[in-house]
Amino acid sequence: ASLRALVAALPKVELHVHLVGSARPGTVAALARRHPGSGVPTDPAELARWFTFRDFDHFLTVYWAVQSLLRDRADIHELVVGLAADLARQNCRYAEVTVTPYNHLLDGMPGDELLSGLASGRAEAAAEHGVELAWCFDIPGEKGTKAGRETLVFALRERPEGLVSFGLGGPEVGVGRAQFAPFFTAAREAGLRSVPHAGETTGPATVWSAVHDLGADRVGHGIGSATDPRLLEYLRERDIALEVCPTSNVRTRQVASIGAHPVRRLLDHGVPVTLNTDDPPMFGATLDGEYLAVASALGLTPAEIADLARASVRASFLPEPRRTALL
Ligand code: ADE
Ligand code: ZN
């Protein structure tokens, strides 16, 4: 109980959470009722069962079904504010949230509806919940270089307030990171930070590509690095943080249990590790829960838990002096 209280009281930041994946079950159920025929359950209990994933690809299929329920600025606004409320309750006052504009545009949502929902949600998050939100616009990798180009154009043309980074999500298998190099180069030249997913479902070669070809400032997941000591040393030396999402990895069956998670090995090698939720309600995850799970599995002391929370602040793209003030 005291560990729980300690984690709850700790100021935390969240660096890897997908907006679509942050939808509360009640919100998803309400959206599903509003849009019949989507195949998404309209009952929260049934939804919980529906959020049981056989593997990573099954998870993505379910994720895309939820994404297709989002139609307009009000839907986006509701998601953003719901996420901020959930974060505020966990003493998390800053989060970098991944949005995939290309997918919403493909699903028929006009770009200005998306941007308007993000902007109004972000304003309410700050005013009503005291939570500062930053955006990562990411490429849905499975849709190839066309998606890469259009995501880049959208990001640089619109440049919404709070946009700090450029990402790459979706499946890794069969979706080489290097093909997206030109878009990451352009995004970085425009001042956005590089945060591709890599080493979530594949090994160290993908993470090497993320750092070499995409200039990763941080790596989404990156747990596939654990088997490559040279890569671990590289990440430590360059201070490239991994956005580790332990419960996500268990729920998509990349890792058998929290106890078997490579996070211990990453920490032992001095790699900057941040703890994050990825798609919290879909995985039954909370930010506090990730800290608790890792702290119990690894037997961390209160000081070590506080160090983990500080590692996230250090790896964040909060502008100075706010970043240092949180440390
Ligand atoms: N989209 C939503 N969650 C994701 C994840 N964990 N990996 C890749 N793409 C995603
Ligand atoms: Zn992710």
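Nothing in this text is a laboratory measurement; each read-out follows from the coordinates by a stated rule. What you are looking at is a predicted structure, and each value in this text was computed from that prediction instead of being measured. Quick reminder, even Gly has a Cβ in these numbers, built from the backbone with ideal geometry, and neighbours come from all protein chains shown.
Values for this structure:
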read-out: Residues Arg71 and Arg264, FRET efficiency given R0 of 56 Å [Cβ-Cβ distance, rounded to 0.05]; value: 0.85
read-out: D_trans [Stokes-Einstein, Kirkwood Rh over alpha-carbon pairs] for segment 2-316, 25 °C, 0.890 mPa s, µm² s⁻¹; value: 127
read-out: Loop GluC sites (Glu not before Pro), segment 72-161 (other Cβ atoms within 10 Å of the site Cβ: 13 or fewer; DSSP); value: Glu161
read-out: 13 Å beta-carbon shell around Leu327, net charge (K/R +1, D/E -1); value: +3
read-out: FRET E, pair Thr61, Arg33, Förster distance 22 Å, beta-carbon r, rounded to 0.05; value: 0.60
read-out: Segment 2-316: relative contact order as a whole-number percent, Cα under 8 Å and 6+ apart; value: 20
read-out: Residue-count net charge about Glu158 - beta-carbon cut-off 13 Å; Lys, Arg +1, Asp, Glu -1; value: -2
read-out: Gyration tensor verdict on segment 98-145 (Cα atoms; rounded if a/c is under 1.5, prolate if a/b is larger than b/c, oblate otherwise); value: oblate
read-out: CD proxy at 222 nm, helix term only [per DSSP H run n ≥ 4: -39500 (n - 2.57); per residue of the chain; nearest 500]; value: -15000 deg cm²/dmol
read-out: Residue order, fewest to most surrounding Cβ atoms within 10 angstrom, among Asp138, Asp278; value: Asp138, Asp278
read-out: Exposure proxy ranking, count of Cβ atoms within 10 Å, fewest first, for Asp55, Asp217; value: Asp55, Asp217
read-out: 15 Å cut-off, amide nitrogen to a point 7 angstrom out along Arg149 Cα→Cβ, residues in segment 176-191; value: 179-184, 186
read-out: Cβ-placed point charges (K, R +1; D, E -1), dipole of segment 125-245 about Cα centre in debye, nearest 20; value: 360
read-out: Gain on full stretching of the segment that runs from Ala123 to Arg323 - 0.36 nm per residue minus C-alpha separation; value: 70.0 nm
read-out: Leading residue at positive end of dipole, segment 2-316 (Cβ point charges), from Gly144, Gly108, Leu300; value: Leu300
read-out: Net charge dipole size for the chain [Lys, Arg +1 and Asp, Glu -1 on Cβ; Debye, nearest 20]; value: 220
read-out: Range of Cα positions in segment 61-208 per principal axis (Å), largest first; value: 43, 33, 33
read-out: Two-site label geometry, Arg4 and Ala88: point separation in nm, points 7 Å out along Cα→Cβ; value: 2.3
read-out: Residues Asp279, Asp288 arranged by fewest to most Cβ contacts within 10 Å; value: Asp288, Asp279
read-out: Qualifying trypsin sites (Lys or Arg not before Pro) for segment 63-115 [loop in DSSP, other Cβ within 10 Å: at most 15]; value: Arg89
